[in-house]
Structure formats: structure tokens, C-alpha cells
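*Asks:* Got a structure here, written out as C-alpha cells. Questions coming.
The values are calculated or read from the model by the stated rules, or taken from the named source; none is laboratory data. Please read these numbers as outputs of a predicted model, since none were measured by experiment. When we count neighbours, we look across all protein chains shown, and the Cβ atoms used for this are built from the backbone with ideal geometry, even at glycine.
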Ligand code: CA
């Protein structure tokens, strides 16, 4: 089945240019000239929504909020807008946007963003729900970690940090990478904070405290061979 893309744009010229080029790139295109019309056309078969922000009637942000909260639709959203101040970008992301393209844009840029967002969402949906390292089992869906069947009392940040390392075992995560992945909302986090969280996770891992290793100059990582060496 062809990947379906819903385009919601009130300016006819832009709508037609996007529709023509995106269809030409091999996607099935649905065109709507208002958020209200887009709501009627939206089905679970739509893989991505290109969404103009400034629309007559319901705005693009309102549309994005509505489909997430009322319809529980998870199709990625790329906002199209003439406004590109930082505040608008943040509003877009908090409204459930996955990316943001400022007008005027080139069609090549739009196609590249569509591909990138589709790749990213396909990757995350194909990730496993759980991963095990010997006695340690991490459940990404329920956001819990158990050791020999007992749930570990991890804080929110501790779980997120453990999950980050566990999704890509044997991969180094520098403190800067960990901060940018997990502490985006807190601009003043120090490297020391990461070390403290790692120490707390290690303490809670008990016998497996050495599962998380550090390579000086590279960063922290989960040693996938560790459990089998026990
Ligand atoms: Ca518009």
C-alpha cells in the first residue's frame, strides 16, 4: 500500500505544488484546504500530516492538539508556517508536532523532511518492547525495570537514563549526549548530575552494578556481555 500523506493548506498555489510534487515522489496524497476538512479526511491509514499553521477557522495547532487528545491519532505532524520565531517552534512541538518547516521552503527540503520523519517514526515503532540483560529486564512500554522479577525503585530520570543506554547496548553515551537527550527542559544540568544518577542506578542494580560501565573520554555504556560473564 502506498504511504498516505494528508496535506492541509489553505493557500491553493502552495497546496497544489505540494500535492503534485509529493505525489510525484511516490506517495498517495490527500488534499484539504481547512483543518475541518482535514479532520473529515483523516483516517488511520494516513502516515504523515503536512499542516499549515495559519488556517481560516481551526488553526493548525488546534488541529494537532485535537487529533492527539480527542482522536488519539499518532500520525507524525510537520508544521508549515511563515512564522519561525523560537516561541512558535516550541508551541508547535508542544502541540504535538514532529518537525517544523518555515515558509518559503523548497520542495526538496519538504521531501527530505518527510522522508526523515517517516524513517524516524518507523524506527521507533519497530523497536522491541523489552530487553533483557541476564536477570535484568527493562520494559520500555510499561517503563519499568525488574531484577530477578522484582521491580527496581527507579525514579523517572533514572529509568529514562537506563532505558537510553539499554536501547543501544555497547554504545558510548557522553555526558553531553545524555544531557541533550534527557535534560532538554533543564538548561543548567552539570556533568556531575549525570554521574550522580548513574551512581544511584548502579546502587539499585545491586549485583549488576557493573553492568553500566564508563570509558574515560567516551562515556557511559551498558556492557551486553556482562550478564553472560557472571
Ligand atoms: Ca495559511
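*Asks:* Could you pull out the residue among 29, 53 that is touching a helix residue (DSSP H, G or I) at 6+ places or on another chain (Cβ under 8 Å), under 18 Å from residue 114 (Cα atoms) and at pLDDT 95 or above?
*Replies:* Only one candidate qualifies: 29.
*Asks:* Out of curiosity, is residue 114 surrounded by 12 or more Cβ atoms within 10 Å (Cβ to Cβ) and within 30 Å of residue 19 (Cβ to Cβ)?
*Replies:* In short, yes.
*Asks:* Which of the residues that make up region 40-73 are within 16 Å of the ligand (Cβ to nearest atom) and surrounded by 16 or more Cβ atoms within 10 Å (Cβ to Cβ)? Even if it seems obvious, please write down each step before you answer.
*Replies:* First pass over region 40-73, keeping only residues within 16 Å of the ligand (Cβ to nearest atom): 49-64.
Hits for region 40-73 are 49, 50, 51, 52, 53, 55, 58, 59, 60, 61, 63, 64.
*Asks:* Cβ contacts < 8 Å: first residue within 17 Å of residue 79 (Cα to Cα) and in a loop (DSSP other than H, G, I, E, B), restricted to region 37-54; second residue away from the ligand (no atom under 13 Å from the Cβ) and at pLDDT below 95, any location; separation 6+ or different chain. Result?
*Replies:* 42/67; 42/71; 42/73; 42/75; 53/88; 53/92
*Asks:* Do the conditions hold for residue 194, that is, is it in contact with a strand residue (DSSP E or B) (Cβ under 9 Å, 6 or more places away or on another chain), touching a residue at least 40 places away in the same chain (Cβ under 8 Å), assigned to a helix (DSSP H, G or I) and surrounded by 17 or more Cβ atoms within 10 Å (Cβ to Cβ)?
*Replies:* Here the answer is no, as residue 194 does not meet what is asked.
*Asks:* Which count do you get for residues in region 7-30 that are within 16 Å of the ligand (Cβ to nearest atom), within 25 Å of the chain's Cα centre (by Cα) and not in a strand (DSSP E or B)? Outline the logic, then answer.
*Replies:* First, pick out the residues of region 7-30 that are within 16 Å of the ligand (Cβ to nearest atom): 7-19.
Cutting the leftovers down to within 25 Å of the chain's Cα centre (by Cα) gives us 7-9, 18.
Imposing the further condition that a residue be not in a strand (DSSP E or B) reduces the set to 9, 18.
Adding up the residues that qualify gives 2.
*Asks:* Across region 157-191, what is the number of residues that are part of a loop (DSSP other than H, G, I, E, B) and more than 17 Å from residue 215 (Cα to Cα)?
*Replies:* 8
*Asks:* Still on this structure: Name the one entry in 92, 96 that is within 16 Å of the ligand (Cβ to nearest atom), closer than 26 Å to residue 23 by Cβ and either under 19 Å from the mean Cα position of the chain (by Cα) or modelled with pLDDT of 85 or more (or both).
*Replies:* Going through 92, 96 in turn, just one is within 16 Å of the ligand (Cβ to nearest atom), closer than 26 Å to residue 23 by Cβ and either under 19 Å from the mean Cα position of the chain (by Cα) or modelled with pLDDT of 85 or more (or both): 92.
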